[in-house]
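Participant: Pasting a structure below so you can have a look.
None of the figures in this text is laboratory data; all of them are computed from the coordinates on show. Note that the structure is a prediction, hence the values are computed from the model and not measured. When we count neighbours, we look across all protein chains shown, and the Cβ atoms used for this are built from the backbone with ideal geometry, even at glycine.
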Amino acid sequence: MKLIYSPTYPYARKVRVVILEKKLENQVQLVNLSPSALPDELVKANPLSRIPTLIRDNGAPLIDSPFICEYLDQLGNDAGRLSGKGDHVWDIKHLHAMGDGILDTIFSVSMERRRDESEQSPAYIKGQVTRVQRTVDALNKEVGTFSANPKLGELTMACALGYIELRLSNDMDWRAGNSALANWYAEISKRPSLAYTEPPK
């Protein structure tokens, strides 16, 4: 298999974390490409030119990080370990979606800031940062329900908090008033999968 990725893209980081958690490093070749350059290999597999894109052993592509993560989790002797079972599956999917929501919101701020300064909307940026802060505040109250054995939800949330630090460190101090979540993040960040995939500053 091949994973087309970029080291600063949080959605791709999430998939790389799953690869490491599932010990699939020897089965997945990492291909570092910039989607904005419209590289042929990426466009052929994914006309949207988005990463991550997984090219399976049969040559068929798989796009969108939640689906790629769930696909990879079905491989190996511990199939489904990160996705959960029974009603707990929905708790995992909920937290996964919340993490992705944070990523989506921060990514939209990053795209806004790439526009000419005269065309940027400070009100839009402020509103998006407020959404992220509000979500983090809510998660601080829920962190006690997080699994002690991290699933896709917790791993995605860790990537989301890391992305806040990468892109919004000058806009917000998410740790302020959220000590429970900050302590959880400090511990889960020690996992080899997350430490190894930490994006370059």
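Participant: I need the peptides 150-156, 107-113 ranked by packing, meaning the mean over residues of other C-beta atoms within 10 angstrom, with the highest value on top. Kindly include the intermediate steps, with their values, before the conclusion.
Facilitator: Values: 150-156: 24.0, 107-113: 14.3.
The packing order, highest mean first, is 150-156, 107-113.
Participant: Between region 12-38 and region 122-201, how many Å separate their Cα centres?
Facilitator: Result: 21 Å between the Cα centres.
Participant: Order 43-49, 19-25 from most to least packed using the mean count of other Cβ atoms within 10 Å.
Facilitator: In decreasing order of mean packing, 43-49, 19-25 become 19-25, 43-49.
Participant: Then there's this: Could you grab the relative contact order for the chain? Cα pairs under 8 Å, six or more apart, rounded to a whole percent.
Facilitator: Details: 240 pairs, mean separation 48.9, N = 201.
Normalised by residue count, the contact order of the chain is 24 percent.
Participant: Is region 45-201 best put as rounded, prolate or oblate by its Cα gyration tensor, with a ≥ b ≥ c the root eigenvalues, rounded for a/c under 1.5, and otherwise prolate when a/b is larger than b/c, oblate when not? Before the final figure, lay out each step's value.
Facilitator: Values: a/c = 2.03, a/b = 1.21, b/c = 1.68.
The shape class here is oblate.
Participant: Once a ≥ b ≥ c are taken as the square roots of the eigenvalues of the Cα gyration tensor of region 1-138, is the result rounded (a/c under 1.5), prolate (a/b larger than b/c) or oblate (a/b not larger than b/c)? It would help to have the intermediate numbers written out before the result.
Facilitator: Numbers: a/c = 2.82, a/b = 1.28, b/c = 2.21.
Cα axes put region 1-138 in the oblate bin.
Participant: Where a Cα-Cα gap under 29 Å defines reach, which lysines qualify for LYS126, not counting those fewer than 8 residues away within the same chain?
Facilitator: Of all the lysines, those that pass the test against LYS126 - Cα under 29 Å, at least 8 places apart if same chain - are LYS14, LYS93, LYS141, LYS201.
Participant: Taking a ≥ b ≥ c as the square roots of the Cα gyration tensor eigenvalues, with a/c under 1.5 meaning rounded and otherwise prolate when a/b beats b/c, else oblate, which class fits region 101-159? Walk me through the intermediate numbers first.
Facilitator: Details: a/c = 6.04, a/b = 2.33, b/c = 2.59.
Oblate, since a/c reaches 1.5 and b/c is not below a/b.
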